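Remarks on the structure that follows.
The values are calculated or read from the model by the stated rules, or taken from the named source; none is laboratory data. Given the structure is predicted, the values throughout are model-derived calculations rather than measurements. Heads up, the Cβs are rebuilt from the backbone with ideal geometry, glycines too, and the neighbour counts pull from every protein chain shown. Heads up: the accessible areas ignore ligands, DNA and RNA and are worked out on the full protein's heavy atoms, side chains in. Shrake-Rupley method; radii C 1.70, N 1.55, O 1.52, S 1.80 Å.
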Amino acid sequence: MLEAIVSQLQNPNTQWVLIGTMLLGIASGVVGSFTLLRKQSLIGDAMAHAALPGVCIAFILYGSKSLLWFLVGAAIAGLLSSFIIQVIINHSRIKEDSALGIIISVFFGFGIVLLTYIQHNGAGNQSGLDDFIFGQAASMVGADVRLITIIAIMLLIITAIFYKEFKLLTFDPQFAKGIGIPAKFFNGLLLLLIVCSVVIGLQTVGVILMAAMLITPAISARYWTDKLSHMIIISGLIGGISGVAGTLLSTIMEGMATGPLIIIAATLMFIISLIFAPKRGLLAKFLKQLSLKKRTAMEQIFLSFYDIAEGGNLKSITEKEVLQKRKVTPVYFQYAIKVLERKQYIKKASEGSWILTDAGIEAAYDLVLQQRLYEMYLMHEMEFAHLELKTRDDLNLQALSSETKDQLVKLLRIHDRIPLLTPESSSVANRRLMV
């Protein structure tokens, strides 16, 4: 396989296609990041489908195949479709998703009609025109790649120059208008960038799959970062790698089109991101949930030990007594017992029974105190709104002011929720609050 790839890379046509698909992937990934964050994912799909009648009309007017004129026709048709979508949304009760569906169907249907007309009434020079539906990267020549390269580089340069303006309009359009940024101009410019990225991918990926080329790298990059600048870079890299991978696969798989393989490569990278991304990936979420379940089970068992000891049983505590307080599964119960024994918070008295150690009483006391103070916070949240606590772990006893601490302790006394078993107590009768 490696030898086949190396031999194909020596082919000038393969080199042209490789450069074109790589630049297409980079440009699509960069522009697609803004499209995704502005929740305009279907705009690219609408423009791609609307480009087909533009290509057909350009062919009818020019009389022969020319990528430059095809791109011009596709761009005009894409901008026209976007304008019509906005008119429909602003001057009717039709929602954006319905307007997009209408435009996609009407323009693509009109394009198919024109394509059929050309094929039945042409003089033979229309051969290959239908490649714009599914893409045909192998038909690209040096001139086509140079044109795609120029447009792709221009897209990247414009995005870099107006990055701050696009960022503001994406996340806070009202603020952008307030500081004097011409929102209409930059919205139109961004729309033009989307159109250009769509039209340069028509010959490679086709009108049907071009929307995936815009969105898939961007949504893959979103899993890896929370910063727009990083997302744009990662999205561009994923798009470029997808273009290269799809092209290389098509060189060694006879009869397989380049465009669909590029989308498959991008989809595989999305699946990798979906599963293995460090913070947002499914694996990371699963491990986080598993860790949370284990921690919760351990704390629940620990609290049960304390509650039983607080009730007067300072001797052996059985599994049955613990599970009567708080139900956990046998697997998590055994895990909690092992953790508590390893930390020397409990020690085995006999088979199936344990005793809280002095260290365990001290640690459990702190945990119970934090838990009960947090309960008081939830019951009287309006009085402690300045704390802005989201979870119990946010309640740091050491960081609380003495006034706030006294208020919470007072509420504990009122509700009879004061922890009774203190680290120094030898019996439940010794009722001291250690705060």
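Quick check on my filter: what residues within segment 349-372 are assigned to a strand (DSSP E or B) and either at pLDDT 85 or above or in contact with a helix residue (DSSP H, G or I) (Cβ under 6 Å, 6 or more places away or on another chain) (or both)? If the condition is that a residue be assigned to a strand (DSSP E or B) and either at pLDDT 85 or above or in contact with a helix residue (DSSP H, G or I) (Cβ under 6 Å, 6 or more places away or on another chain) (or both), then S353, W354, I355, L356 are the ones that fit.
Against the condition crowded, with 24+ Cβ neighbours inside 10 Å, out of contact with any Pro (no Cβ under 8 Å at 6 or more places or on another chain) and over 19 Å from K164 (Cα atoms), how does T204 come out, does it pass?
yes
Output yes when any residue across segment 203-224 is touching a residue at least 40 places away in the same chain (Cβ under 8 Å) and touching a Lys or Arg at 6+ places or on another chain (Cβ under 7 Å), and no when none is. Yes, the conditions are met somewhere in segment 203-224.
Residue pairs whose Cβ atoms lie under 6 Å apart, separated by 6 or more positions or on different chains, with the first residue in segment 408-433 and under 14 Å from A309 (Cα atoms) and hydrophobic (A, V, I, L, M, F, W, C) and the second loosely packed, with under 12 Cβ neighbours inside 10 Å and at pLDDT 75 or above, do not occur.
I'd like the full set of residues that are small (G, A, S), in contact (Cβ under 8 Å) with a residue 12 or more places away in the chain and part of a helix (DSSP H, G or I), limited to segment 257-301.
Here is the first cut: in segment 257-301, the ones small (G, A, S) are 257, 259, 265-266, 273, 277, 281, 284, 291, 297.
Next, from what is left, pick out any that are in contact (Cβ under 8 Å) with a residue 12 or more places away in the chain: 257, 259, 265-266, 273, 277, 281, 297.
Passing the criteria: G259, A265, A266, S273, A297.
Cβ-Cβ distances below 9 Å connect the following pairs, each with a first residue in segment 81-92 that is on the phi < 0 side of the Ramachandran plot, a second residue that is surrounded by fewer than 17 Cβ atoms within 10 Å (Cβ to Cβ) and part of a loop (DSSP other than H, G, I, E, B), and a separation of six or more residues or different chains: I88/I94; I89/K95.
Could you go through segment 50-57 and let me know if any residue there is open to solvent by 50 Å² or more (accessible area, probe 1.4 Å), modelled with pLDDT under 85 and either in a helix (DSSP H, G or I) or over 22 Å from I148 (Cα atoms) (or both). Within segment 50-57 (the criterion being open to solvent by 50 Å² or more (accessible area, probe 1.4 Å), modelled with pLDDT under 85 and either in a helix (DSSP H, G or I) or over 22 Å from I148 (Cα atoms) (or both)), the answer is no, since none of the residues qualifies.
Give the residues of segment 373-401 that are in a helix (DSSP H, G or I), in contact (Cβ under 8 Å) with a residue 24 or more places away in the chain and in contact with a helix residue (DSSP H, G or I) (Cβ under 6 Å, 6 or more places away or on another chain), sorted by residue number. Outline the logic, then answer.
At the first step, the residues of segment 373-401 found to be in a helix (DSSP H, G or I) are 373-379, 381-387, 392-394.
Subsequent filtering for residues that are in contact (Cβ under 8 Å) with a residue 24 or more places away in the chain retains 373, 375-377, 379, 383-384.
Scanning segment 373-401 gives L373, M376, Y377, F384.
Got at least one residue in segment 307-322 being surrounded by 14 or more Cβ atoms within 10 Å (Cβ to Cβ) and under 41 Å from the mean Cα position of the chain (by Cα)? No, segment 307-322 has no match at all.
The residue list L42, L80 contains one member that is in a helix (DSSP H, G or I), modelled with pLDDT of 80 or more, buried (at least 16 other Cβ atoms within 10 Å of the Cβ) and not small (G, A, S), which is L80. Hey, could you check segment 151-201 for residues that are basic (K, R) and either assigned to a loop (DSSP other than H, G, I, E, B) or in contact with a helix residue (DSSP H, G or I) (Cβ under 7 Å, 6 or more places away or on another chain) (or both) and say which is surrounded by the most Cβ atoms within 10 Å (Cβ to Cβ)? Selected residue: K167.
Scanning segment 338-377 for residues that are open to solvent by 60 Å² or more (accessible area, probe 1.4 Å) and within 18 Å of A297 (Cβ to Cβ) yields K338, E341, R342, K343. With respect to the stated conditions, V145 is open to solvent by less than 20 Å² (accessible area, probe 1.4 Å) and at pLDDT below 85.
What about Q86, is it modelled with pLDDT of 75 or more and not aliphatic (A, V, I, L, M)?
On the way: modelled with pLDDT of 75 or more: yes; not aliphatic (A, V, I, L, M): yes.
Spelling it out, Q86 is indeed modelled with pLDDT of 75 or more and not aliphatic (A, V, I, L, M).
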